[in-house]
Amino acid sequence: QVQLVESGGGLVQAGGSLRLSCAASGRTFSRYAMGWFRQAPGKEREFVAAINWSGGSTYYADSVKGRSTISRDNAKNTVYLQMNSLKPEDTAVYYCAARLESGSYSSKDYDYWGQGTQVTVSS
């Protein structure tokens with residue numbers, strides 16, 4: 001069982017930056033691939049980024065590639081999403097998720113989810 005708690009969301013102006021954090025409980029965090037997803041009002045949840053258990057492989061949605069960096073610190077049981085050059089269309093609730101196998105683009109592949117953190121980008 002893994003419990004995930006996101007933090008770091010907030011209100012930021014377009015062009016600004018935010019770093020989201022996701023703290024995981026349990027001693028087996030390093031076994032899990034981690035993903036970030038987001039959901040805007042009236043839209044389906046969409047993939048943002050993922051990272052494998054070691055941090056050696058990362059994956060990004062085209063919409064955030066070049067503007068965002070996913071990373072993890074297994075000693076701190078935490079995964080991060082650094083987002084730069086934020087745009088109003090990045091406004092959404094951001095969720096982190098965990099799965100035992102490799103990183104995946106599909107939300108259906110993840111077994112554990114956090115409660116989400118709101119990111120609002122003003123124009």
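Bear in mind these aren't lab numbers, they're just calculated from the coordinates by the rules spelled out. None of the values given here were measured: they were computed from a predicted structure. Cβ sites come from the backbone with ideal geometry, for glycine too, and all protein chains shown count toward neighbours.
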Antiparallel bridges, percent of DSSP beta bridges restricted to the chain (to nearest 5): 90 percent
Could you let me know the centre-to-centre spacing of the range 77-123 and the range 2-22, using Cα atoms, in angstrom? 9 Å
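Defining a contact as two alpha carbons under 8 Å apart and six or more residues distant in sequence, what relative contact order in percent does the chain show?
Details: 312 pairs, mean separation 45.0, N = 123.
In percent, rounded to a whole number, it is 37.
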The range 58-123, relative contact order [Cα under 8 Å, separation at least 6], %: 30 percent
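Taking the Cβ of THR117 as the center, what net charge do the other residues with Cβ under 12 Å away carry, scoring Lys and Arg +1 and Asp and Glu -1?
Details: positive: ARG19, ARG38; negative: GLU6.
Counting the neighbours of THR117, the net charge comes to +1.
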Using +1 at the C-beta of Lys and Arg and -1 at the C-beta of Asp and Glu, which of SER106, GLN3, SER30 has the Cα lying farthest in the positive direction of the dipole of the chain? SER30
What's the longest bit of the chain with no exposed GluC sites (Glu not before Pro), using DSSP loop states and at most 16 other Cβ atoms within 10 Å as the test? 45-100
If Lys and Arg each add +1 and Asp and Glu each add -1, what is the summed charge of the other residues whose beta carbon sits under 14 Å from the beta carbon of GLY15? 0
Spherically averaged projected area of the range 14-59 from its Cα convex hull (nm²): 4.7 nm²
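Suppose the chain between LYS43 and SER106 were pulled fully straight at 0.36 nm per residue; how much longer would it get relative to their current alpha carbon spacing? Please list the in-between numbers first.
Details: separation 63, 0.36 × 63 = 22.68 nm, distance 1.54 nm.
Result: 21.1 nm gained on full extension.
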For LYS43, counting only aspartates and glutamates whose alpha-carbon sits under 15 Å away and dropping same-chain residues fewer than eight positions off, the answer is GLU89, ASP90
